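Engineer: First the structure, which I've put down as structure tokens, then a few questions once you've had a look.
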Amino acid sequence: MVELPRAELAGGSVRVGVKAAGLNFPDWLMVQGLYQYKPDLPFVPGMEAAGIIDEVQPGVTSFAPGDKVMVRMRAGAFAEEAVVAADQVLPLPAAFGFEEGATFLAAHTTAYHALKTRAEMRRGQSLLVLGAAGWVGLAAVQIGKLLGARIIAAASTEQKLALAREAGADDILNYTRGRIEDGVHDLTDGRGVDVLFDPVGIAQDSALRCLTRGGKLLVVGFAGGHIPSYAANRILLRGCSVIGVRAGEAGRHDPEMRRREHAELCDLAGRGRVRPHVSEVYPLEQCAAALRRFAGRQAVGRIALRVNPR
């Protein structure tokens with residue numbers, strides 16, 4: 001923990017007094033230098049936060065001091081203040097506390113972008129979610145349910161599976177008890193699923209065998225520590241699609257799409273249809289311990305850091 005000088009307020013920006021920050025898997029990769037985005041050292045980690053606007057640059061009309069907001073950023077959330085462009089800020093849903101607001105945007109945007117925008121999921125399709133009680137898996141279960149999918153949630157413990165069931169999963173699979181593709185085939189009468197949401201990095205043989213013909217494999221991340229390869233001949237024979245999902249980068253390339261996705265997500269949050277499950281909260285000073293627990297895949301749901309508790 002160090003003291004830094006206050007950042008200057010540039011044109012079109014706002015200063016947010018951070019009340020909570022959320023932990024995401026890219027944070028763990030970024031502090032090891034293993035993520036696609038590598039900020040110059042030293043840097044402040046953290047992709048999302050929630051708090052209260054302290055100051056706005058003249059010309060900013062969408063927010064005012066005192067507004068409760070959520071903040072999305074590439075880095076910088078694990079701090080007492082965040083200075084960001086006004087278009088990186090969204091109103092905090094009335095039903096959310098700061099810890100929930102700080103753990104909403106990254107995971108739920110990724111899940112929404114993957115399932116709605118990229119996979120174009122339709123009502124009645126089947127969805128397999130790996131890591132279903134993790135930072136983004138639980139969001140995928142919630143979003144998939146809203147899109148009308150039949151959801152198979154896969155996780156490594158009964159506690160995690162119970163949480164996925166509570167979030168809307170129709171069927172559950174403990175993938176420590178046998179081959180996941182066998183469990184999927186048993187639950188789908190040998191057909192396989194229409195969409196596989198994979199933030200873990202399942203081995204390519206298992207992943208493709210879980211899919212029905214013409215199914216879609218969403219490559220979301222590699223929390224399992226292994227980056228699989230997919231054999232082109234097997235993709236061809238199964239007639240399936242392998243779709244890369246990097247929601248943050250997609251939003252930077254298509255800001256209008258991101259505004260639409262965020263508007264739809266915030267509407268769902270405002271109506272109580274989606275909500276992050278925050279299971280653990282650490283003070284900012286214990287950020288390292290929280291990251292280690294997150295990296296060890298010990299947490300169920302989301303971990304938040306509490307900042308500026310006054």
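Engineer: Taking Cα centroids, how far is the stretch 265-286 from the stretch 64-114 in Å?
Structural biologist: So the two Cα centres are separated by 10 Å.
Engineer: Can you tally the net charge around Met121? Count Lys and Arg as +1, Asp and Glu as -1, for every other residue whose Cβ sits under 10 Å from the Cβ of Met121.
Structural biologist: Within the 10 Å Cβ shell, the charges total +3.
Engineer: Measure nothing fancy, just the Cα-based angle from helix 137-146's long axis to the longest principal axis of the chain, in degrees from 0 to 90, nearest 10.
Structural biologist: 80
Engineer: Label the stretch 2-98 by shape, choosing from rounded, prolate and oblate, from the square roots a ≥ b ≥ c of the eigenvalues of the Cα gyration tensor; if a/c is under 1.5 it is rounded, and otherwise prolate applies when a/b is larger than b/c, oblate when it is not.
Structural biologist: Working: a/c = 2.03, a/b = 1.47, b/c = 1.38.
Because a/c hits 1.5 or more and a/b exceeds b/c, the stretch 2-98 counts as prolate.
Engineer: Classify the stretch 107-248 as rounded, prolate or oblate, taking a ≥ b ≥ c as the square roots of the eigenvalues of its Cα gyration tensor: rounded when a/c is under 1.5, otherwise prolate if a/b is larger than b/c and oblate if not.
Structural biologist: Since a/c stays below 1.5, the shape of the stretch 107-248 is classed as rounded.
Engineer: Something else: In which sequence would Leu163, Leu128, Leu34, Leu291 go, from the one with the fewest C-beta neighbours within 10 Å to the one with the most?
Structural biologist: Numbers: Leu163 22, Leu128 35, Leu34 11, Leu291 19.
Lowest count first: Leu34, Leu291, Leu163, Leu128.
Engineer: Now, a different point. For a quick check: sort Ile227, Ile172, Ile151 by the number of other beta carbons within 10 angstrom, fewest at the front.
Structural biologist: Ile227, Ile172, Ile151
Engineer: Grab the other residues whose beta carbon is less than 12 angstrom from that of Gly224, score K and R as +1, D and E as -1, and report the net.
Structural biologist: 0
Engineer: May I ask for the net charge around Val300, where only other residues with Cβ less than 14 Å from the Cβ of Val300 are counted and Lys, Arg are +1 while Asp, Glu are -1? Let's see the in-between values first.
Structural biologist: Values: positive: Lys160, Arg165, Arg293, Arg297, Arg302; negative: Glu158, Glu166, Glu280.
Value of the local net charge: +2.
Engineer: Given axes a ≥ b ≥ c from the Cα gyration tensor, I'd like to know whether the chain is rounded (a/c under 1.5), prolate (a/b larger than b/c) or oblate.
Structural biologist: Working: a/c = 1.91, a/b = 1.78, b/c = 1.08.
Note, shape of the chain comes out prolate.
Engineer: Here is a follow-up. How much length would be gained if the chain were fully extended between Asp67 and His277, taking 0.36 nm per residue of separation minus their Cα-Cα distance, in nm to one decimal?
Structural biologist: 73.3 nm
Engineer: Just tell me which lysines come within less than 19 Å, Cα to Cα, of Lys145; anything on the same chain fewer than 8 places away is out.
Structural biologist: Partners within reach: Lys116, Lys160, Lys216.
Engineer: What FRET efficiency do you get for Arg293 and Tyr35 if R0 is 22 Å and r is their Cβ-Cβ distance, rounded to the nearest 0.05?
Structural biologist: 0.70
Engineer: Ok, one more. Report the charge-dipole magnitude of the stretch 107-248 in Debye, nearest 20, computed about the Cα centre from +1 at each Lys and Arg Cβ and -1 at each Asp and Glu Cβ.
Structural biologist: So the magnitude is around 400 debye.
Engineer: Charges at C-beta only: +1 for Lys and Arg, -1 for Asp and Glu. How large is the resulting dipole of the chain about its Cα centre, in Debye rounded to 20?
Structural biologist: For this selection, approximately 720 debye.
Engineer: What value, in deg cm²/dmol to 500, does the helix sum -39500 (n - 2.57) over DSSP H runs of n ≥ 4 give at 222 nm once divided by the residues of the chain? Display every interim value, and only then the final one.
Structural biologist: Values: 11 runs with 93 residues, N = 310.
It lands at -8000 deg cm²/dmol.
Engineer: If you don't mind, there's one more thing I want to ask. In nanometres, what is the gap between the two model label sites at Phe43 and Leu4, each 7 Å from Cα along Cα-to-Cβ?
Structural biologist: Simple spin-label model gives 1.1 nm for this pair.
Engineer: Suppose a student asked you for the relative contact order of the chain, using Cα pairs under 8 Å spaced at least 6 residues apart; what percent would you report?
Structural biologist: Relative contact order here is 18 percent.
Engineer: What's the exposure ranking of Trp135, Trp28, going from fewest to most Cβ atoms within 10 Å? Could the numbers behind the result be given before it?
Structural biologist: Numbers: Trp135 28, Trp28 19.
With the sparsest Cβ surroundings first, the list reads Trp28, Trp135.
Rule-based calculations on the coordinates, nothing more; no lab input. The structure presented is a predicted model; accordingly, all values stated were derived computationally and were not measured. For neighbour counting, all protein chains shown are included, and Cβ atoms are generated from backbone atoms with ideal geometry for every residue, glycine included.
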